[in-house]
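K.L.:
Shown below is the structure under consideration.
The values are calculated or read from the model by the stated rules, or taken from the named source; none is laboratory data. Every value quoted in this text rests on a predicted model; they were computed, and no experiment measured them. Cβ placement follows ideal geometry from the backbone for every residue including glycine, while neighbour counts extend to all protein chains displayed.
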Amino acid sequence: MRIGFPRALYYFDFFPFWAGFFHHLEIDVVTSPPTHRQIMDQGLKKASDETCLPLKLLAGHIQAFKDVDWIFLPRIVSVESDTYTCPKFLGIPESLLPAVPPGMSVLTVTLNWRKGKRQVLKDLESLGVQLGKSKSDIGKAFKEGLARQKRYQDSMGVGWNFEERIRETEQSSSSIVPEIPTAAQNTDLLRIALIGHSYLTQESYANLNLIKKLREKAEVKLVQNVNQVDVETNLSGLRKRIFWSHSKQIFGAGNKFVIDEKVDGIIYLTCFGCGTDSIIQELVSRKAREQHKPYMSITLDEHSGEAGLVTRLEAFLDMVERRRVHEGYVSTYGERLDRNSNTL
Ligand code: SF4
């Protein structure tokens with residue numbers, strides 16, 4: 001049996017779990033190819049105009065499958081006990097059925113970690129019935145999936161490289177994850193925090209290779225480099241809890257970067273049509289203003305052009321660099337450039 005797993009959206013966060021789960025059940029998992037022009041174009045044709053770029057990409061990846069028995073489109077309601085996923089996740093798979101190639105079947109399951117681990121296991125057992133697997137097989141596959149997911153998440157410290165980690169998950173069924181090479185620290189480089197959803201920051205086709213471009217001039221820190229304890233301790237200052245899991249991670253990590261003196265500037269990567277970012281981006285940018293931290297947001301859509309991105313990046317990095325070198329000088333408009341003093 002072969003299951004098609006689209007290389008989009010939850011792939012970037014939860015593929016190790018599903019790879020482990022299906023591998024234990026002796027089911028082949030086939031991923032769609034990395035995004036390219038045709039995948040994006042196909043997605044635009046089949047997804048709703050109003051939806052966000054990552055869902056349009058998912059629609060394109062669904063259409064890239066051939067020769068699979070099922071296309072796997074889980075409905076992930078929540079991934080932890082106190083948040084939900086974005087409402088657009090909840091509309092999957094129904095919102096994407098128009099993208100499913102004729103004659104192909106969709107395999108789905110609803111997972112809601114707010115209801116606890118036992119309920120998640122029960123829901124997976126229902127999925128197992130469709131796959132012809134016993135409860136005991138599903139129980140063991142669940143454990144295998146959780147173990148792989150934990151190793152993947154534990155690897156997300158400094159020096160974490162998404163491409164490497166995910167390649168290991170795709171290629172190997174081995175339970176041994178090699179040591180993570182420690183990133184060489186170059187103190188002369190600028191340090192830039194890139195924050196945003198994993199399926200935007202790691203989607204190199206849609207973001208026009210942003211991480212690679214940034215790494216030519218700066219050391220890049222990502223939301224995934226911030227552990228959960230730090231995320232939780234940096235959520236303060238809000239009158240309400242954040243409802244959405246990704247947004248919580250982005251806000252907590254973003255706040256940490258804002259107050260981190262070692263971070264020279266922040267880039268918020270968002271996309272046109274993202275409802276949750278319309279709130280979180282504003283909150284992070286206010287915090288950055290309060291702390292006088294250089295901040296820029298980049299909004300992606302299917303029309304984003306490379307020249308515009310490069311110009312903005314260069315301008316931002318030049319500004320951050322000048323500020324680092326000349327901090328404390330008096331600017332021409334009468335304010336000091338250093339972050340703690342506006343005495344003139
Ligand atoms: S969080 Fe934003 S980008 Fe992600 S699925 Fe929801 S609307 Fe789309």
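K.L.:
Would you please list the contacts, defined by Cβ atoms under 7 Å and residues six or more apart or on different chains, that run from a residue in segment 199-214 that is farther than 13 Å from residue 302 by Cα to a residue that is within 16 Å of the ligand (Cβ to nearest atom) and in a helix (DSSP H, G or I)?
P.N.:
So the pair list comes out as 199/12; 199/54; 202/12; 211/201.
K.L.:
Another question about this same structure. Going by the structure shown, is residue 210 over 19 Å from residue 86 (Cα atoms), within 16 Å of the ligand (Cβ to nearest atom) and crowded, with 21+ Cβ neighbours inside 10 Å?
P.N.:
Working: over 19 Å from residue 86 (Cα atoms): yes; within 16 Å of the ligand (Cβ to nearest atom): yes; crowded, with 21+ Cβ neighbours inside 10 Å: yes.
Here the answer is yes, as residue 210 does meet what is asked.
K.L.:
Which members of segment 50-63 meet the condition of being away from the ligand (no atom under 14 Å from the Cβ) and not in a helix (DSSP H, G or I)?
P.N.:
Result: 63, single match.
K.L.:
Continuing with this model, one more query. Within segment 1-45, which residues are assigned to a helix (DSSP H, G or I) and over 19 Å from residue 74 (Cα atoms)?
P.N.:
Here is the first cut: in segment 1-45, the residues assigned to a helix (DSSP H, G or I) are 11-24, 37-45.
If the condition is that a residue be assigned to a helix (DSSP H, G or I) and over 19 Å from residue 74 (Cα atoms), then 37, 38, 39, 40, 41, 42, 44, 45 are the ones that fit.
K.L.:
Follow-up question, since we're still on this one. What is the one condition in (1) surrounded by 17 or more Cβ atoms within 10 Å (Cβ to Cβ); (2) within 16 Å of the ligand (Cβ to nearest atom) that residue 287 does not satisfy?
P.N.:
Here residue 287 meets the rest and fails (2).
Per-residue answers, yes or no, for (1) within 16 Å of the ligand (Cβ to nearest atom); (2) within 30 Å of residue 300 (Cα to Cα):
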site: 65; (1), (2): no, yes
site: 74; (1), (2): yes, yes
site: 80; (1), (2): yes, yes
site: 89; (1), (2): yes, yes
site: 92; (1), (2): yes, yes
site: 102; (1), (2): no, no
site: 123; (1), (2): no, no
site: 142; (1), (2): no, no
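K.L.:
Additional query: Listed residues 242, 250, 298; which is within 16 Å of the ligand (Cβ to nearest atom), modelled with pLDDT under 95 and either buried (at least 22 other Cβ atoms within 10 Å of the Cβ) or not basic (Lys, Arg) (or both)? If you could, list the steps in order and put the result at the bottom.
P.N.:
Details: 250 fails: modelled with pLDDT under 95; 298 fails: modelled with pLDDT under 95.
Exactly one of 242, 250, 298 is within 16 Å of the ligand (Cβ to nearest atom), modelled with pLDDT under 95 and either buried (at least 22 other Cβ atoms within 10 Å of the Cβ) or not basic (Lys, Arg) (or both), namely 242.
K.L.:
For the structure I just gave you, tell me whether residue 49 is of a type in the set (D, E, K, R), free of Cβ contacts under 8 Å to residues at least 12 places away in the same chain and within 26 Å of residue 301 (Cα to Cα). Show your work before the answer.
P.N.:
Working: of a type in the set (D, E, K, R): yes; free of Cβ contacts under 8 Å to residues at least 12 places away in the same chain: yes; within 26 Å of residue 301 (Cα to Cα): yes.
So residue 49 fits the description; yes.
K.L.:
Another one. Can we say residue 126 is of a type in the set (S, T, N, Q), surrounded by fewer than 14 Cβ atoms within 10 Å (Cβ to Cβ), outside the structural domain of residue 212 (by TED's automatic domain parsing) and modelled with pLDDT of 95 or more?
P.N.:
yes
K.L.:
Counting just the residues of segment 254-274 that are without any contact (Cβ under 8 Å) to a residue 60 or more places away in the chain and part of a helix (DSSP H, G or I), which one comes out farthest from the ligand (Cβ to nearest atom)?
P.N.:
Step by step, filter segment 254-274, then rank; the result is 259.
K.L.:
Determine, yes or no, whether residue 266 is out of contact with any Pro (no Cβ under 6 Å at 6 or more places or on another chain) and modelled with pLDDT of 95 or more. Spell out how you get there, then give the answer.
P.N.:
Details: out of contact with any Pro (no Cβ under 6 Å at 6 or more places or on another chain): yes; modelled with pLDDT of 95 or more: yes.
So residue 266 passes the test.
K.L.:
Please go through segment 269-286 and give me each residue that is in contact with a Phe, Trp or Tyr (Cβ under 7 Å, 6 or more places away or on another chain) and not aliphatic (A, V, I, L, M), ordered by number.
P.N.:
Quick first cut of segment 269-286, residues in contact with a Phe, Trp or Tyr (Cβ under 7 Å, 6 or more places away or on another chain) only: 276, 280-281, 283-285.
276, 281, 285, listed by residue number.
K.L.:
Mind counting the residues in segment 275-316 that are aliphatic (A, V, I, L, M) and not in a helix (DSSP H, G or I)? Before you say what the answer is, go through the steps one by one.
P.N.:
Of all residues in segment 275-316, those aliphatic (A, V, I, L, M) come to 279-280, 283-284, 288, 296, 298, 300, 307, 309-310, 313, 315.
Checking which are not in a helix (DSSP H, G or I) leaves us with 296, 298, 300.
Matching residues across segment 275-316 total 3.
K.L.:
State whether one or more residues within segment 225-239 are closer than 15 Å to residue 195 by Cβ and within 16 Å of the ligand (Cβ to nearest atom).
P.N.:
Taking every residue of segment 225-239 in turn, none turns out to be closer than 15 Å to residue 195 by Cβ and within 16 Å of the ligand (Cβ to nearest atom).
K.L.:
Determine, yes or no, whether residue 35 is of a type in the set (Ser, Thr, Tyr) and either more than 27 Å from residue 128 (Cβ to Cβ) or more than 12 Å from the ligand (Cβ to nearest atom) (or both).
P.N.:
Numbers: of a type in the set (Ser, Thr, Tyr): yes; either more than 27 Å from residue 128 (Cβ to Cβ) or more than 12 Å from the ligand (Cβ to nearest atom) (or both): yes.
So residue 35 passes the test.
K.L.:
Helices (runs of 4 or more DSSP H) wholly in segment 65-173 with at least 1 residues that are of a type in the set (S, T, N, Q) and over 22 Å from residue 196 (Cβ atoms) - which ones? Talk me through it step by step, then tell me what you get.
P.N.:
Numbers: elements: 87-90, 117-131, 135-154, 162-171.
So the answer is 117-131, 135-154, 162-171.
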